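Trainee: Let me begin by handing over the structure; questions about it come next.
FYI, it's all coordinate maths here, none of it is from the lab. All of these numbers come straight from a predicted model, not from anything done at the bench. Here the Cβ positions follow ideal geometry from the backbone for every residue, glycine too, while neighbour counts run over all protein chains shown.
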2 protein chains.
Amino acid sequence: MGIVFAQMSVSVDGYAGHPEIEKTWEYLGRLTSWVHDLPTWRDRQGMTGGTPGPADDLVAEEFQAGAYVLGRNMFDFGEEPWGTNPPYRAPVFVVTHRPREVLHKEGGTSFHFVTDGLASAVEQAKAAAGDRSVGIYGGIGIIRQAIRDGLVDELHLHQVPVLLGEGIRLLDELGAEAKELVATRTVAIDGVNHLYFRFDRPS
Amino acid sequence: MGIVFAQMSVSVDGYAGHPEIEKTWEYLGRLTSWVHDLPTWRDRQGMTGGTPGPADDLVAEEFQAGAYVLGRNMFDFGEEPWGTNPPYRAPVFVVTHRPREVLHKEGGTSFHFVTDGLASAVEQAKAAAGDRSVGIYGGIGIIRQAIRDGLVDELHLHQVPVLLGEGIRLLDELGAEAKELVATRTVAIDGVNHLYFRFDRPS
């Protein structure tokens with residue numbers, strides 16, 4: 001069985017979004033600019049070119065997931081811009097209250113709408129992924145809930161060197177109980193810190 | 001002229017303290033346990049022994065500061081436990097509203113009480129430090145204010161692998177204006193991430 005990881009780009013003060021939609025777009029632009037010239041990311045967006053290297057290796061490794069989990073807001077946000085050939089190329093389980101038929105896209109991506117909760121979506125994603133990992137790709141709310149509910153094995157923070165000063169933090173509303181982590185990988189590439197942690201739980 | 005750095009141990013979700021005093025002690029215990037077996041830290045507390053290595057080198061490097069700046073709460077907190085031979089062994093400038101005579105201690109530490117504000121305390125510390133750096137050692141409020149006021153050249157986060165879930169974050173109330181950083185050093189030692197940043201300002 002593969003592991004379940006959650007990944008997100010955050011500022012040094014921990015922000016990943018903003019209550020105002022224009023600010024959210026601005027934040028996403030700043031916080032994800034480190035992927036824009038990476039061949040794996042460009043390929044997944046239907047573009048060519050880019051500069052290979054260790055940052056691309058990290059992104060490619062994350063895209064080796066056998067299935068993904070998304071929140072409904074993130075899906076609504078992405079459905080249009082992802083177009084006919086979304087970047088996932090694997091089954092994606094979307095946590096939602098609205099039942100909907102499976103949506104098959106080009107390139108291997110299929111969206112499965114799960115109405116019985118996040119734990120069920122993660123279970124279904126694990127079954128679909130087999131030996132490969134499951135990637136929880138956002139948004140913020142679904143990653144927080146997955147951490148609270150003990151569904152995440154690994155947390156990947158791509159920490160961009162800026163203090164944003166306000167907004168919505170990724171690591172908020174996690175419950176008051178302390179959760180021990182183990183730092184499994186710490187690497188700076190082109191000024192971005194990639195901080196990987198494993199949740200230290202009795203297995 | 002040396003640089004001005006601020007340093008603090010924080011959790012992965014950014015907490016460094018807690019509104020309840022007992023919780024603050026618990027947090028300080030967890031967040032600073034990585035220094036307790038380091039020879040430099042032990043020596044500064046009047047103890048012997050400890051295990052040398054790269055973490056000790058980082059602490060020793062920070063203690064090469066030629067002067068320090070502290071907030072008044074931090075001084076009040078520390079005055080008793082630091083005893084007759086405090087760990088600083090250099091002039092310490094305490095930002096306070098209450099005038100007080102210079103307090104000379106053993107080992108080279110002297111406490112200077114500055115009543116005309118943080119910028120003045122930093123200026124006086126720089127003058128005292130000469131070519132050596134100035135360390136802003138806390139508490140949380142004085143580091144936030146120094147960042148807001150553009151008085152910090154380098155930020156050192158000693159990031160301990162735990163999600164604490166609640167408390168007081170170091171990097172809060174910094175002002176809504178984004179501040180660009182440059183990651184200057186990123187190293188994991190015995191599971192603690194040491195993340196050093198330079199503020200990217202026009203000089």
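Trainee: At a temperature of 37 °C and a viscosity of 0.692 mPa s, determine how fast the protein assembly as shown diffuses translationally according to Stokes-Einstein, using the Kirkwood radius over alpha-carbon pairs as Rh; express D in µm²/s, rounded to the nearest whole number. Kindly include the intermediate steps, with their values, before the conclusion.
Mentor: Working: Rh = 22.9 Å.
Result for D is 143 µm²/s.
Trainee: For segment B:61-140, how big is the tail of P(r) above 17 Å, as a whole percent of Cα pairs?
Mentor: On the way: 1192 of 3160 pairs.
Taking all Cα-Cα pairs of segment B:61-140, the fraction more than 17 Å apart is 38 percent.
Trainee: Taking the number of other C-beta atoms within 10 Å as the exposure measure, put B:Lys23, B:Lys179 in order starting with the fewest. Please report the intermediate quantities before stating the final value.
Mentor: Working: B:Lys23 17, B:Lys179 23.
Fewest-to-most ranking of B:Lys23, B:Lys179: B:Lys23, B:Lys179.
Trainee: List the GluC sites (Glu not before Pro) in segment A:53-139 that DSSP assigns to loop (not H, G, I, E or B) and whose Cβ has at most 14 other Cβ atoms within 10 Å. Which are they? Write down the numbers at each step before the final one.
Mentor: On the way: sites: A:Glu61, A:Glu62, A:Glu79, A:Glu101, A:Glu106, A:Glu123; in loops: A:Glu101.
Here the GluC sites (Glu not before Pro) that fit, given the DSSP loop and packing criteria, are A:Glu101.
Trainee: How big, in percent, is the set of alpha carbon pairs in segment A:10-148 lying more than 28 Å apart?
Mentor: Values: 1597 of 9591 pairs.
Considering segment A:10-148, 17 percent of its Cα-Cα pairs are separated by more than 28 Å.
Trainee: All other residues with a Cβ under 13 Å from the Cβ of A:Arg100 taken together, and with Lys, Arg as +1 and Asp, Glu as -1, what is their net charge?
Mentor: -1
Trainee: Which of the GluC sites (Glu not before Pro) found in segment A:17-55 are in a DSSP loop and have at most 16 neighbouring Cβ atoms, other than their own, within 10 Å? Each step should come with its number before you reach the end.
Mentor: Values: sites: A:Glu20, A:Glu22, A:Glu26; in loops: A:Glu20.
Counting only loop positions with at most 16 other Cβ atoms within 10 Å, the GluC sites (Glu not before Pro) in segment A:17-55 are A:Glu20.
Trainee: Can you list, largest first and rounded to whole Å, the semi-axes you get for segment A:106-165 by taking the square root of 5 times each eigenvalue of its Cα gyration tensor? Please report the intermediate quantities before stating the final value.
Mentor: On the way: eigenvalues 115, 46, 31 Å².
Taking √(5λ) for each Cα gyration eigenvalue gives 24, 15, 12 Å.
Trainee: Suppose we take every Cα in segment B:147-203 and form the convex hull; what volume per residue is that in Å³? Please report the intermediate quantities before stating the final value.
Mentor: Numbers: hull volume 5.4 nm³, N = 57.
Normalising the Cα hull of segment B:147-203 by residue number yields 94 Å³.
Trainee: Size of segment B:87-203 along its principal axes in angstrom, Cα-based, largest extent first?
Mentor: 41, 34, 33
Trainee: Hey, another quick one. Net charge within 12 Å of A:Pro54 by Cβ-Cβ distance, Lys/Arg positive one each and Asp/Glu negative one each, not counting A:Pro54 itself? Please report the intermediate quantities before stating the final value.
Mentor: On the way: positive: A:Arg185; negative: A:Asp56, A:Asp57, A:Glu61, A:Asp190.
Charge balance near A:Pro54 sits at -3.
Trainee: In nm, what does the list of distances from B:Gly83 to its counterparts in the other copies look like, shortest first, when each label sits 7 Å along Cα to Cβ?
Mentor: Output for B:Gly83: 6.9 nm, nearest copy listed first.
Trainee: With respect to the symmetry axis carrying chain A onto chain B, which residue of chain A exhibits the smallest Cβ distance to that axis, and what is the value in whole Å?
Mentor: Spelled out, residue of A and its Cβ distance from the axis onto B: A:Gly14, 3.
Trainee: Hey, for A:Ala60 with labels 7 Å out along Cα-Cβ, what do the inter-copy distances come to in nm, ordered shortest first?
Mentor: Distances to the matching label points in the other copies: 4.1 nm.
Trainee: Another one. Could you work out how far the C-alpha centroid of segment A:18-36 sits from that of segment B:147-203, in angstrom?
Mentor: 20 Å
Trainee: Sort B:Asp13, B:Asp153, B:Asp76, B:Asp116 so that the residue with the fewest other Cβ atoms within 10 Å of its own Cβ comes first and the one with the most comes last. Walk me through the intermediate numbers first.
Mentor: Working: B:Asp13 23, B:Asp153 18, B:Asp76 13, B:Asp116 10.
Going from least to most buried by this count: B:Asp116, B:Asp76, B:Asp153, B:Asp13.
Trainee: Can you check what the net charge comes to around B:Ala121, using other residues whose Cβ is under 13 Å from the Cβ of B:Ala121 (Lys, Arg +1; Asp, Glu -1)?
Mentor: Values: positive: B:Arg72, B:Lys126; negative: B:Asp116, B:Glu123, B:Asp149.
Its environment carries a net charge of -1.
Trainee: Assume the label is 7 Å from Cα along Cα to beta carbon: what separations in nm does B:Gly46 have to the matching positions in the other copies?
Mentor: 7.1
Trainee: So how do B:Thr84, B:Thr186 line up by other beta-carbon neighbours within 10 Å, fewest first? It would help to have the intermediate numbers written out before the result.
Mentor: Working: B:Thr84 9, B:Thr186 20.
Ordered from fewest to most neighbouring Cβ atoms within 10 Å, B:Thr84, B:Thr186 come out as B:Thr84, B:Thr186.
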